[in-house]
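In what follows, a structure is listed as structure tokens, so that the remarks can point back to it.
Only the coordinates and a few stated rules stand behind these numbers; no lab work does. From a predicted model like this one, the values you see are computed outputs, not experimental measurements. Backbone-built Cβ (ideal geometry, glycine too); neighbour counts: all protein chains shown.
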Amino acid sequence: MNAQQASKALKILGVLFLVHAILVSTHEGEFWPFSIYPMFSQAGNPWARAMVLDVTDLEESELWVEHVYPLRSDERVVSLRALGVDQIDYSNFVVRTTDWTESRQRALHSMIGAENLKDKKWLVTIVKGELAGEDKVIGKVVPLILLTEDEIRLKQSQLPVHP
């Protein structure tokens, strides 16, 4: 390879690195094929996901009690997919919201849909988990918001907000 070819190759390589840097910086640090896959890069880190439980038959005193995850029975878990709700968007909305304003509460209620809540009580929870040891996951189900057809009730305040 002569000097002219080496110079041309270095220029091409420099342009490729520049394009990559621009694409990575504008795509939150990820650009395929150099993507960061969370399943590998964040393995073992604590995690949080949202889950909806059907608590229609529970007494008021049982609603706000934290539970161990996984639950003893999956009967209470409401399938968001069956409701046409995107599970990832829903979970991100619930887990990342720190200030549950009235508009955020109404948005959550409308994501689920009042028509799906007829004669039901559903509890929006956050499941927090972490790796314990080398092969065991421990977690807890933390109640957050109670939804009925015409009521939204936060755990903290216990004050109803009407959708």
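In terms of the mean number of neighbouring beta-carbon atoms within 10 Å, the peptides 122-129, 102-109, 81-88 order highest first as 122-129, 102-109, 81-88. Under 18 Å from a label point set 7 Å out along the Cα-to-Cβ vector of Asp89, the amide N atoms of the range 106-133 belong to 106-116.
In order along the range 112-120, the phi-based Karplus estimate (6.51 cos²θ - 1.76 cosθ + 1.60, θ = phi - 60°) of 3J(HN,Hα) comes to 6, x, 4, 5, 7, 9, 4, 6, 10 Hz; Gly and Pro are listed as x. As a rough guide to protection, the peptides 48-54, 15-21 ranked by mean Cβ packing within 10 Å, highest first, stand as 48-54, 15-21.
For Lys155, the lysines whose Cα comes closer than 17 Å to its Cα, not counting residues fewer than 8 places off in the same chain, are Lys121, Lys128, Lys140. Annotation: for a label point projected 7 angstrom from Cα along Cα→Cβ of Leu63, residues of the range 110-133 with backbone N closer than 12 Å are 120-124.
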